[in-house]
1. Restricting attention to region 237-252, which residues are touching a strand residue (DSSP E or B) at 6+ places or on another chain (Cβ under 8 Å) and without any contact (Cβ under 8 Å) to a residue 40 or more places away in the chain?
2. Within region 161-202, which residues are surrounded by fewer than 18 Cβ atoms within 10 Å (Cβ to Cβ) and in contact (Cβ under 8 Å) with a residue 40 or more places away in the chain?
3. I need a count of the residues in region 111-130 that are over 28 Å from residue 227 (Cα atoms) and either touching a helix residue (DSSP H, G or I) at 6+ places or on another chain (Cβ under 8 Å) or modelled with pLDDT of 80 or more (or both).
4. Which pairs have Cβ atoms under 7 Å, sit 6 or more apart or on different chains, and link a residue in region 203-214 that is in a loop (DSSP other than H, G, I, E, B) to one that is loosely packed, with under 14 Cβ neighbours inside 10 Å?
5. Out of region 52-70, which residues are free of Cβ contacts under 8 Å to residues at least 24 places away in the same chain and either part of a loop (DSSP other than H, G, I, E, B) or at positive phi (or both)?
6. Please go through region 211-221 and give me each residue that is farther than 18 Å from residue 243 by Cβ and surrounded by 14 or more Cβ atoms within 10 Å (Cβ to Cβ), ordered by number.
7. Can you report the number of residues in region 224-240 which are buried (at least 18 other Cβ atoms within 10 Å of the Cβ) and either at pLDDT 95 or above or part of a strand (DSSP E or B) (or both)?
8. Find the residue count for region 226-245, including only residues that are in contact with a helix residue (DSSP H, G or I) (Cβ under 8 Å, 6 or more places away or on another chain) and more than 16 Å from residue 137 (Cβ to Cβ).
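The values are calculated or read from the model by the stated rules, or taken from the named source; none is laboratory data. Quick caveat, the model's predicted, so the values are computed rather than measured. Don't worry about glycine lacking a Cβ; one is built from the backbone with ideal geometry, like all the others, and counts go over all protein chains shown.
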């Protein structure tokens, strides 16, 4: 059986299998039914490992054991394997999330917090900065900043990113608003359904005003922390988006004052409910 390495690597990533498992599984798919010894020869997997590999595949729902002498293994149809793999992944994810939830109030997290608090005291103010790569990481850090906000969140961004931020971080923004945090977005406006929905979703949480002739992406939190993205979001793949985070009350407060001056001149973007 000849299966190229690229195909095997794809299977490993999609189904979370090791190399021996994908080799034995694809070998079994090509035969439909076979013994461990036959699969070992076809897949070029050591015979001493083939039984362990098949046992693992059976537990994951990829194969069925056919009792008899010799013992044979049947391949489960790929469509069914996909459904079983989805269920297994969801179950594992739920179990991991549950463990992390239990960790919140444990002695372990208290010890970790204590270590961090002691360590952060040793960090110089100018060292509280860093770069983040990938839009997923950028938004995770923004979520962290929004959770710790106590006074204000001021954001200048593109219309597409405004929509993404509302979709991704609405619960966090809503929670910040309930704490009394003033939330403001200055963004471009495009008369599209996505924008209209985002404006509707943010209503009652924050205020949105129309930005003209300026393209920028940055967020100021409490006039102390600043995060800015160095590229236009339409010109970079999400995986290569880069942001710079700086804890700098000196510069952030100055930028906040400039934002305040510009904010007064910006046109309020009205939602359908406001127009009524």
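1. Within region 237-252, 251, 252 qualify.
2. Answer for region 161-202, where residues must be surrounded by fewer than 18 Cβ atoms within 10 Å (Cβ to Cβ) and in contact (Cβ under 8 Å) with a residue 40 or more places away in the chain: 189, 196, 200.
3. Step one: of region 111-130, the residues over 28 Å from residue 227 (Cα atoms) are 111.
If we keep only those that are either touching a helix residue (DSSP H, G or I) at 6+ places or on another chain (Cβ under 8 Å) or modelled with pLDDT of 80 or more (or both) as well, we get none.
Qualifying residue count for the region: 0.
4. The qualifying pairs are 203/273.
5. So in region 52-70, the residues free of Cβ contacts under 8 Å to residues at least 24 places away in the same chain come out as 52, 55, 58-59, 64-65, 67-69.
Across region 52-70, the qualifying residues are 67, 68, 69.
6. Across region 211-221, the qualifying residue is only 211.
7. Qualifying residue count for the region: 4.
8. Within region 226-245, residues that are in contact with a helix residue (DSSP H, G or I) (Cβ under 8 Å, 6 or more places away or on another chain) and more than 16 Å from residue 137 (Cβ to Cβ) number 2.
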